[in-house]
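Accompanying notes for the structure given below.
The values are calculated or read from the model by the stated rules, or taken from the named source; none is laboratory data. This structure is a prediction, so every number in the text was calculated from the model and none was measured. Methodologically, a virtual Cβ is constructed for each residue, glycine included, from the backbone with ideal geometry; neighbour enumeration extends over all protein chains shown. Surface accessibility is based on the protein's heavy atoms, side chains included, excluding ligands, DNA and RNA. Shrake-Rupley method; radii C 1.70, N 1.55, O 1.52, S 1.80 Å.
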Amino acid sequence: MDFIELTVEAPRELADILVAELGEVGFDTFEDNDAGFCAYTTEAAFDPDGVAEIMARYEALGELSHAHRVITRQNWNAEWEKNFQPLIIAERVSVRAPFHPQPAGVDYDIVIMPRMSFGTGHHETTALMIENQLDIDHRGLRVLDMGCGTGILAIMAEMLGARQVLAVDVEPWTVENAADNAAENQCRTIECRLGGVEVLAGEAPFDLILANINRNVLLEDMHAYAALLPSGKPILFSGFYEEDLDKIKNEATRHGLVYQRHRTLRSWVSAIFVKA
């Protein structure tokens, strides 16, 4: 299956509205840039009429343009290899491709081959999640990584001392990619599983849950995450904008999750909650 990349040029205040609207018509990954943002969905889920309707609804509010293209599986490696630059997060974590040299002076070195998956650490939400992970003692914890993408957060969890990590995603190639990246980083505790919250039925509780997905999925599935989290244990959310934080807080409160703190980067958020 191929991806659709939708490139939108819009002022910041309008871009935030459009991201929320596009999330309602199948787009689930967004990357900001200086001119606006790029949104991604699968070719099967792409609704061009829905996109056109959204753009027409807001074009009178500001200078707005959009275009889309298909990114094939065959071309994806060339795309990310051309654009993927090594990254340092919080001055402690290196994220690089196998063809980049290993840097000196970092505590953790993560090697990622994104292929068809999202999550290299370059997106604000991934970087924010890793920063929040660095604040949590993972030693001996059983960790759930929902919407694992490349597996970068699961890999970070093992490097921080987790004893067992379950990484879950709904896309087959993503699960395969996460497993390959876990092997590339010599991880031994990570299980990669295909599916959504339904594959968690019968699972024992987790000591820590990582959920970097998108606002709509987080709101829909929060009850399932909360049910798998014992009292006093943390859950990290990301994949949404700052203006959506109150919605996340309200839904979390309904399921016994207590807000602790959050980080922001260019309007994106990663928040930490604890089960009451």
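Enter the accessible area per residue of the chain (Å², integer; probe 1.4 Å; all protein chains in place).
Details: 12070 Å² over 276 residues.
Per-residue accessible area for the chain comes out at 44 Å².
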With only helices counted (DSSP H, runs n ≥ 4, each -39500 (n - 2.57)), the per-residue ellipticity at 222 nm for the chain, to the nearest 500, works out to -9500 deg cm²/dmol
Only Cα pairs under 8 Å and at least 6 apart count here; give the relative contact order of the chain as a rounded whole percent. 13 percent
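Contact order normalised by length for the range 130-225, with contacts defined as Cα pairs under 8 Å and 6 or more residues apart; what percent is it?
Working: 169 pairs, mean separation 28.9, N = 96.
In percent, rounded to a whole number, it is 30.
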Could you tell me which residue out of Ala52, Ile17, Val175 lies farthest along the dipole of the chain toward its positive end? Charges go on the beta carbon: Lys and Arg +1, Asp and Glu -1, centred on the Cα centre. Val175
If one builds a Gaussian network model of the chain from Cα atoms under 10 Å apart, the most fluctuating residue listed among Ala162, Ala52, Ala39 is Ala52
